[in-house]
Amino acid sequence: MTDIQQCMRDILAHESQAVAHIPVTDGYDRAVEMIVSHVWKNKGKLITSGMGKAGQIAMNIATTFASTGIPAVFLHPSEAQHGDLGVMQDNDIMLLLSNSGKTREIVELVGLARNLNPLLKIIVITGNPDSELARIADVTLATGNAPEVCPLGLTPTTSTTLMTVIGDVLVVGTMRTTGFTKEEYAKRHHGGYLGKKSRGEKEEQR
């Protein structure tokens, strides 16, 4: 076995264990209920945000929600301070990602957003459930804060995997609650292999 293969086995073991130890709480029920109530029923939208690697995961979560019947957009926290916060409307809710729970731009975003809408509901995904961000959230979903698989212990690796999984839980939980169908999926995803599959079309043989 090569060193790379052993490295892969170690990473798979580490990250699978980290995923298995994500705390399962009633926060997920409350988060899904909040998304369904504000977005599905009352025609708001989900606004996701995060900085750096967490921001990339937040963007992915937004696009996945959008393709499954929940209007969602990614808002860059820095650009929000330069006018992009204007995307926010009544009945919108926020999903914020920060592994440390202390990301300055995200904490500031909460203050700015609630100044615009004092009733704004906020869901937070974080590795630090005792952080400032967690304390000001309506729902906090903890990752379990497993160590990064990065040999330096610094590069967001395991933490972003956990955030992605939690995003998947929210998406799938929301789909099940709303009864989202393959037909509705096809209306939102016309192109490519998934578009054909959702419409029951066979892939062309080459």
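Here are some notes:
- Among the helices (runs of 4 or more DSSP H) confined to segment 35-143, the ones with at least 1 residues that are at pLDDT below 95 and closer than 25 Å to Tyr185 by Cβ are located at 52-67.
- Note on segment 168-187: among residues that are among the hydroxyl-bearing types (Ser, Thr, Tyr) and modelled with pLDDT of 95 or more, the one that is most open to solvent (accessible area, probe 1.4 Å) is Thr177.
- Residues of segment 25-51 that turn out to be more than 16 Å from the chain's Cα centre (by Cα) and either more than 21 Å from Phe74 (Cα to Cα) or of a type in the set (S, T, N, Q) (or both), as a count: 4
- Scanning segment 66-87 finds no residues that are acidic (Asp, Glu), farther than 19 Å from Ile125 by Cα and in contact (Cβ under 8 Å) with a residue 12 or more places away in the chain.
- Scanning segment 118-133 for residues that are open to solvent by 10 Å² or more (accessible area, probe 1.4 Å) and within 24 Å of Val171 (Cβ to Cβ) returns Lys121, Asn128, Pro129.
- Subset tally (residues that are within 15 Å of Pro23 (Cβ to Cβ) and assigned to a loop (DSSP other than H, G, I, E, B)) for segment 144-175: 3
The values are calculated or read from the model by the stated rules, or taken from the named source; none is laboratory data. Quick caveat, the model's predicted, so the values are computed rather than measured. Every residue, glycine as well, gets a Cβ built from its backbone with ideal geometry; the counts of neighbours run over all protein chains shown. Each accessible area value is taken on the protein alone, full model and side chains, heavy atoms only, with ligands, DNA and RNA left out. Shrake-Rupley method; radii C 1.70, N 1.55, O 1.52, S 1.80 Å.
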